[in-house]
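The values are calculated or read from the model by the stated rules, or taken from the named source; none is laboratory data. Computed from a prediction, not measured in an experiment: that's the story for all the values here. Neighbour counts run over all protein chains shown; Cβ positions are idealised from the backbone, glycine included. Calculation scope for accessible area: heavy atoms of the full protein, side chains included, ligands and nucleic acids excluded. Shrake-Rupley method; radii C 1.70, N 1.55, O 1.52, S 1.80 Å.
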2 protein chains.
Amino acid sequence: MITLSEENYLKAIFLLSLNTNEKVSTNIIAAEIGTSAASVSDMLKKLQEKKLVEYEKYKGAYLTKKGRALASSVVRKHRLWETFLVNKLNFDWGEVHDVAEQLEHIKSEKLVDRLDSFLKYPSFDPHGEPIPTKNGEIPDTNTVPLNKLKTGTAGKVMGVTIDEKYFLDYLTKLNISIGTEIKLLEKISFDQSLNIKIETTNQHISHEVAKHLLIKMI
Amino acid sequence: MITLSEENYLKAIFLLSLNTNEKVSTNIIAAEIGTSAASVSDMLKKLQEKKLVEYEKYKGAYLTKKGRALASSVVRKHRLWETFLVNKLNFDWGEVHDVAEQLEHIKSEKLVDRLDSFLKYPSFDPHGEPIPTKNGEIPDTNTVPLNKLKTGTAGKVMGVTIDEKYFLDYLTKLNISIGTEIKLLEKISFDQSLNIKIETTNQHISHEVAKHLLIKMI
DNA sequence: TTAAATTTTTAGACATGTCTAAATTTATAT
DNA sequence: ATATAAATTTAGACATGTCTAAAAATTTAA
């Protein structure tokens, strides 16, 4: 039996090594989960015991096939529930995270399957994040972070890479949501902030914001 | 903060003292929850500390106003989720209990409100059990258990009082569901079993089954 | 009304997941 | 190359919720 805590650790490692597939360090996991490095050490030992991670002392850990499948299923559930909350219960995209953090741990394969069907098999959640399939595949986004766009080019917002109320509320205030058209006008080299055109109006945003906006070129 | 375990104890006491409002004994609670009397003793002390129950050693416990409100909210969530699973995700009425046992602990007032609205404010769940309102009121059923019906009278099934797969599957096999018309033909005094007419066909059922079927006379 | 049976509580143990402080290992910089 | 800094693990503690076995209180029945 896998516990709620274990699921949270697996999910953290999964999300931290999405692109890299490299070992993830104790401290990074601790920061992601919001706990101490000591607790992470303890837990990595337990997950190693259960063959959910490969863990080498002082070197970090990565997911086994079994661990990756479990983590992927938790992320899948999280994003399906977020989609449900926004599409069916009219939640705002900024207020679904905490509830989905709870719902992602509900254990019922049938529930997930039915929810998926009820939502018409979505590939992306309300933040544009890909929803892993039942087999653990991750839909391709074909996007780049806004700060990597070439000056002068335009694209559509396809997603965001963090799911925090204050960030999402700020985007809403800027009139940015999934599908919004953005043109990169100028990069300020001093602080890497950006002048951009959102639909028809000009705005200035920080590097910190830009790097969490996923753009598909048009 | 209230824990999942505490919620389960409050719910158990709530359901065991629905009509009576009397003190509930340690052993009865232990049986309901499926744990030992020792564990119940321990927990009652904690709930007493938190002013969720009034507990007198060796005498049992009953809910305080605060405890009753919390318990009622858990039962409300359980029954709303069961309604969601059956009405929206096409679950069978016999397979929703275990999932609802998990979902009832999700903490989000907004989620419950939105779910209630999404389901069009139901008063009864798929088993005919009343769904407590937000204020903790319990919709009236005006029903009697089938075994208390007078021989020769007829009524409609309005609900069942246990939520177990084997019982519900058996009812389905007997062609009994919410709304089914039943006439009591004969009580066998030896074992209190009943001969009944279900819609148009005659059947024989045990006292054990009859007492869990809620009938409204027509 | 007193002995026996039942119920309930207490005592002590264990597993889980967390923490802080100290010890150890690894990385960095002179 | 070695001292220092940073990262990581270990040791020991604590809270929660559970258990079994033994003790205490209550109920039942002769």
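Set side by side, the residues A:Lys107, A:Lys57, A:Lys65 differ, and just one is within 16 Å of DNA strand C (Cβ to nearest atom), over 12 Å from A:Glu7 (Cα atoms) and basic (Lys, Arg), which is A:Lys57. Got at least one residue in segment A:30-49 being more than 9 Å from DNA strand C (Cβ to nearest atom) and under 28 Å from A:Pro126 (Cα atoms)? Within segment A:30-49, one or more residues are more than 9 Å from DNA strand C (Cβ to nearest atom) and under 28 Å from A:Pro126 (Cα atoms).
Every residue in segment B:198-214 that is assigned to a strand (DSSP E or B) and farther than 24 Å from B:Asp140 by Cα, please.
To start, the set of residues in segment B:198-214 that are assigned to a strand (DSSP E or B) comprises B:198, B:201-205, B:213-214.
Result: B:Ile198, B:Thr201, B:Asn202, B:Gln203, B:His204, B:Ile205.
The single condition among (1) open to solvent by 20 Å² or more (accessible area, probe 1.4 Å); (2) away from chain A (no Cβ under 11 Å) that B:Glu95 does not satisfy is (2).
Quick check: anything in segment A:20-31 in contact with a strand residue (DSSP E or B) (Cβ under 6 Å, 6 or more places away or on another chain) and in a helix (DSSP H, G or I)? Explain how you work it out, then say what you get.
Filtering segment A:20-31 down to residues in contact with a strand residue (DSSP E or B) (Cβ under 6 Å, 6 or more places away or on another chain) leaves A:23-25.
Now restrict to residues that are in a helix (DSSP H, G or I): none.
For segment A:20-31, residues in contact with a strand residue (DSSP E or B) (Cβ under 6 Å, 6 or more places away or on another chain) and in a helix (DSSP H, G or I): absent.
Scan segment B:98-114 residue by residue and report those that are more than 7 Å from chain A (Cβ to nearest Cβ) and within 15 Å of B:Ile131 (Cβ to Cβ). Answer for segment B:98-114, where residues must be more than 7 Å from chain A (Cβ to nearest Cβ) and within 15 Å of B:Ile131 (Cβ to Cβ): B:Ala100, B:Glu104, B:Val112, B:Asp113.
Within segment A:170-181, does at least one residue satisfy the condition of being surrounded by fewer than 19 Cβ atoms within 10 Å (Cβ to Cβ) and in contact with a His (Cβ under 8 Å, 6 or more places away or on another chain)?
To start, the set of residues in segment A:170-181 that are surrounded by fewer than 19 Cβ atoms within 10 Å (Cβ to Cβ) comprises A:170, A:172-175, A:177-181.
Among the residues that remain, those that are also in contact with a His (Cβ under 8 Å, 6 or more places away or on another chain) are: A:178.
Checking segment A:170-181: at least one residue is surrounded by fewer than 19 Cβ atoms within 10 Å (Cβ to Cβ) and in contact with a His (Cβ under 8 Å, 6 or more places away or on another chain).
Of all residues in segment B:59-90, those being open to solvent by 60 Å² or more (accessible area, probe 1.4 Å), within 14 Å of chain A (Cβ to nearest Cβ) and part of a helix (DSSP H, G or I) number 1. Where residues in segment A:110-151 are among the basic types (Lys, Arg) and outside the structural domain of A:Ile176 (by TED's automatic domain parsing), which of them is farthest from A:Val209 (Cα to Cα)? Looking at residues that are among the basic types (Lys, Arg) and outside the structural domain of A:Ile176 (by TED's automatic domain parsing), I get A:Lys110.
Test of understanding: among B:Leu171, B:Leu214, which residue is under 13 Å from the mean Cα position of the chain (by Cα) and under 30 Å from B:Lys88 (Cβ atoms)? Show your work before the answer.
Details: B:Leu171 fails: under 13 Å from the mean Cα position of the chain (by Cα).
None of the others qualify; the one that does is B:Leu214.
Applying a threshold of 8 Å to beta carbon distances and a minimum spacing of six or more residues, or different chains, the list of pairs starting in segment A:1-21 at a residue that is without any contact (Cβ under 8 Å) to a residue 60 or more places away in the chain and ending at one that is of a type in the set (Ser, Thr, Tyr) and open to solvent by 60 Å² or more (accessible area, probe 1.4 Å) reads A:Ile13/A:Tyr62; A:Ser17/A:Tyr62; A:Asn21/A:Tyr62.
So is B:Glu164 within 15 Å of the chain's Cα centre (by Cα) and surrounded by 12 or more Cβ atoms within 10 Å (Cβ to Cβ) or not?
So B:Glu164 passes the test.
Identify the residue in segment A:1-58 that is surrounded by fewer than 17 Cβ atoms within 10 Å (Cβ to Cβ) and closer than 21 Å to A:Glu137 by Cβ and, among all such residues, is nearest to DNA strand D (Cβ to nearest atom). That would be A:Glu22. Test of understanding: among A:Thr141, A:Thr153, which residue is open to solvent by less than 50 Å² (accessible area, probe 1.4 Å) and under 14 Å from the mean Cα position of the chain (by Cα)? Checking each option against the conditions leaves just A:Thr141. Within this structure, A:Lys107 passes the test of being modelled with pLDDT of 95 or more and under 30 Å from A:Arg68 (Cα atoms).
Residues of segment B:109-129 that are surrounded by fewer than 19 Cβ atoms within 10 Å (Cβ to Cβ) and not aromatic (Phe, Trp, Tyr): B:Glu109, B:Lys110, B:Val112, B:Asp113, B:Arg114, B:Ser117, B:Leu119, B:Lys120, B:Pro122, B:Ser123.
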